[in-house]
Amino acid sequence: MYDYIKGSVVSLKNNAIVVDNNGIGFFIYVSNPYSFEVGKEYKVYVYQQIKEDENSLFGFKTIEEKDLFLKLISVKGLGCKMALPMLAVGSIEGIMDAIERENILYLKKFPKIGEKLAGQIILDLKGKLEFIGVGISDDEVTTSEELKEVLIGLGYKEKEIKSVLTKIDTTLTIEEQVKEALKLLLK
């Protein structure tokens, strides 16, 4: 399994790019091939799908895109070739927000996503996307994970914790963050 491939883009296709890495050209399906420039080097995060008759690579510019893609393809009835266009048309934040707010109309705007599949996406993913680190540094994710673990250890439920995590200043030390979270949870 590959995590990423670093190399220069040598060709753009209508739904893919070819990345040259040490003389090997990797054909990688991407949501928007025109966001890449031929001749420029990229670190492309990849997901490898192996089927009986196919071995495909799906690529992403950011780890957050890849994380969301992996969550989407875990939904029953939503395959790689249906999830990839969702990332081309919608923003990561928009898709996550639509799932959390149960916005079926937003999800139905994507190609091949009907009402039944949109409902399944919401059913399978609502409440499971909050820790995809959109625009958050690795330090902040680690700190919020530590804070979450401390609060769980103190007996708070994940739903309660989730409601206060966004209100905590991530520049504070972990001890100060715990105090701040406890103040909010006791209100």
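Just so you know, all these numbers are worked out from the coordinates, no wet-lab data involved. Note that the structure is a prediction, hence the values are computed from the model and not measured. Positions of Cβ are generated from backbone atoms using ideal geometry, with glycine treated the same way; all protein chains shown enter the neighbour counts.
Take every pair of alpha-carbon atoms less than 8 Å apart whose residues are at least six positions apart; their mean separation over the length of the chain yields a relative contact order of 13 percent. For region 1-91, the dipole from Cβ point charges (+1 on Lys and Arg, -1 on Asp and Glu) about the Cα centre works out to 160 debye, to the nearest 20. In degrees between 0 and 90, to the nearest 10, how far off the longest principal axis of the chain does helix 80-89 point, with axes built from Cα atoms? Orientation of helix 80-89: about 70 degrees from the principal axis. Among the GluC sites (Glu not before Pro) found in region 45-80, those both in a DSSP coil and sparsely packed, with 16 or fewer other Cβ atoms within 10 Å of their Cβ, are E52.
For the chain, what is the mean residue ellipticity at 222 nm derived from helices alone (per DSSP H run of n ≥ 4: -39500 (n - 2.57); sum divided by total residues; nearest 500 deg cm²/dmol)? Mean residue ellipticity at 222 nm (helix-derived): -13000 deg cm²/dmol. Under 11 Å from a label point set 7 Å out along the Cα-to-Cβ vector of S56, the amide N atoms of region 75-108 belong to 79-85.
For region 28-96, trypsin sites (Lys or Arg not before Pro) are listed when DSSP marks them as loop and at most 12 other Cβ atoms sit within 10 Å of their Cβ; the list is K40, K76. The GNM of the chain, with springs linking C-alpha atoms under 10 angstrom apart, assigns the highest mean-square fluctuation among P33, P85, P111 to P111.
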